[in-house]
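S.K.: Would you mind keeping the following structure in view while I ask a few things?
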Amino acid sequence: MTTVNTLTVANKQPYAMKKYAVLSLCLMLLTLTTALGQKKPIKLGVVGLTHGHVGWILSREAKEDVVMVGIVETNRDLAQRLSDRHGFPMEMVYNTMEEMIAAVKPDAVAGFGNIYDHLSIVETCAPKGIHVMVEKPLAVSLDHAKKMEALAVKHKIHLLTNYETSWYPTNLKAFELLHEGTIGDLRKVIVRDGHKGPKNIGVSAEFLEFLTDPKLNGGGAIMDFGCYGANLMTWLQQGKRPNSVTAVTQQLQPENNPKVDDDATIILTYDRAMAILEPSWNWPIGRKDMEIYGEKGAIYADNRHDMRVQISEGYSGFDEETFKLAEREAPYDEPFALFASVIRGETILGSYDPYSLENNMITMEILDAAVQSSKSQRTVQLKNN
């Protein structure tokens, strides 16, 4: 029997952990007075324009929560092109973070350059008390991530990592149903992310240059899209580290990606569950989907808005309910609103929320192990490390 749920499903706040990280509590107390007083826009600096996702902030409608006050970009031609497209004045573009910070004194910065530079952003901003949000993944390596974490904790700043899938109402609903016991105990998760490849989908020359550079991006598809599944699985498992990580990579488009992998399969094992992550620059159709299997049913988050839940009946039968979900409620509908809300102390991230530092440190441990595994052609054991 199939039930179609055509109602707009009201989205709940993310699953809240009773125990929050000490750092988050300290930051809440430090920012509470701001939250209680008159709200002022968070002054946001943008560091780097080479990442294709920078359009999210450059094209964002004017709101009272965040105002972009400065940009750091050494490529003046790129800055001019984007200035012409989005309308920001070239006078707000600086050559260095130090120049921008001295001139406009931002409360926070968002990193939209290459992934290798995430560390230098935190090294510059954290001692000045400037909060940081970077595009996924957190860093190019676990070593970089550990240095970033230490700086964020020492200087009591928020350090968030933005994933597109963090906004998906289907992922939130899947999380809630799993933890409500709708499909029984978790057994397997399959996450598929990717597209035809950066060059084939026509990303800018500047974006393509760093995506296909193993130093600047940390790898190819294994990092670019493997991070999504590692991040989601860490959230679903509420911070449980996998026992082992096994990864296999291939280079199916050497003419387009000569220095990096463009297809990967990553297997994560847990005590009573397994995850299979399939990041690729070779999917014929762009996708970001997830399948969650429990003892008595399955959840299919087919895309951002469409989801199916099947409950087993007999050998191969099932009862199915389908969902068409509305966008998540503010501030979880887009990254900059959430960043501002966290800075003000209005929103406290759960310990393993997809944006959180706790989650993304485990995500980086998984990615680091996956890269090691693919190079050594051996399984990497994590549980007792």
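Read-outs throughout are calculated quantities, based only on the coordinates presented, and are distinct from any laboratory measurement. Bear in mind the structure is a predicted one, so any value in this text is a computation, not a measurement. Neighbour counts are summed over all protein chains in view; Cβ atoms, including those assigned to glycine, are modelled from backbone coordinates with ideal geometry.
S.K.: Where the convex hull is taken over the Cα atoms of region 321-385, what is its projected area averaged over directions, in nm²?
M.R.: Convex hull of Cα atoms, orientation-averaged projection: 7.8 nm².
S.K.: Are any of the pairs K199/K375; K196/K296; K43/K154; K154/K259 more than 31 Å apart by Cα-Cα distance, and if so, which?
M.R.: K196/K296; K154/K259
S.K.: For region 22-164, which semi-axes, largest first and in whole Å, follow from the square roots of 5 times the eigenvalues of its Cα gyration tensor?
M.R.: 24, 19, 13
S.K.: Check cross-link reach from K188 to the aspartates and glutamates: straight Cα distance under 18 Å, and skip same-chain residues fewer than eight apart.
M.R.: Those aspartates and glutamates meeting the cut-off are E176, E180, D271, E278, D289, E291, E295, D302.
S.K.: Here is a follow-up. Gaussian network model of the chain, Cα springs within a sub-10 Å range: biggest mean-square fluctuation belongs to which of P331, P137, P169?
M.R.: P331
S.K.: For region 82-169, just the Cα atoms, rotate onto the principal axes and tell me the three extents in Å, largest first.
M.R.: Between the extreme Cα coordinates on each principal axis of region 82-169 lie 37, 35, 22 Å.
S.K.: Between the DSSP loop rule and a limit of at most 12 other Cβ atoms within 10 Å, which trypsin sites (Lys or Arg not before Pro) in region 284-381 are left?
M.R.: Passing both the DSSP loop test and the Cβ count: R378.
S.K.: Quick one: helix 169-179 against the long Cα principal axis of the chain, what's the angle to the nearest 10°, folded into 0 to 90?
M.R.: 50 degrees
S.K.: How would you order 346-359, 217-230 from highest to lowest mean count of nearby Cβ atoms within 10 Å?
M.R.: Output ranking for 346-359, 217-230: 217-230, 346-359.
S.K.: Could you tell me which of C125, W56, Y94 has its Cα farthest along the dipole of region 22-164 towards the positive end, charges placed at Cβ (Lys, Arg +1; Asp, Glu -1), taken about the Cα centre?
M.R.: Looking along the dipole axis, the top candidate is C125.
S.K.: Something else now. Once you treat every alpha carbon in region 207-266 as an equal point and sum by Debye, what is log10 I(q)/I(0) at q = 0.17 Å⁻¹?
M.R.: -0.61
S.K.: Over all directions, average the projected area of the Cα convex hull of the chain and note it in nm².
M.R.: In nm², the orientation-averaged hull projection of the chain is 19.6.
S.K.: Excluding same-chain residues fewer than 8 positions from K146, which aspartates and glutamates have a Cα within less than 18 Å of its Cα?
M.R.: Counting by Cα, and skipping residues close in sequence, K146 has these aspartates and glutamates nearby: D117, E123, E135, E358, E365, D368.
S.K.: Still on this structure, please answer the following. Find the relative contact order for region 22-164 and round it to a whole percent, using C-alpha pairs within less than 8 Å whose residues are 6+ positions apart.
M.R.: Taking the mean separation of contacting Cα pairs over the length of region 22-164, I get 24 percent.
S.K.: Right, next: For region 58-112, which GluC sites (Glu not before Pro) are both in a DSSP coil and crowded by at most 10 other Cβ atoms within 10 Å?
M.R.: Here the GluC sites (Glu not before Pro) that fit, given the DSSP loop and packing criteria, are E61, E64.
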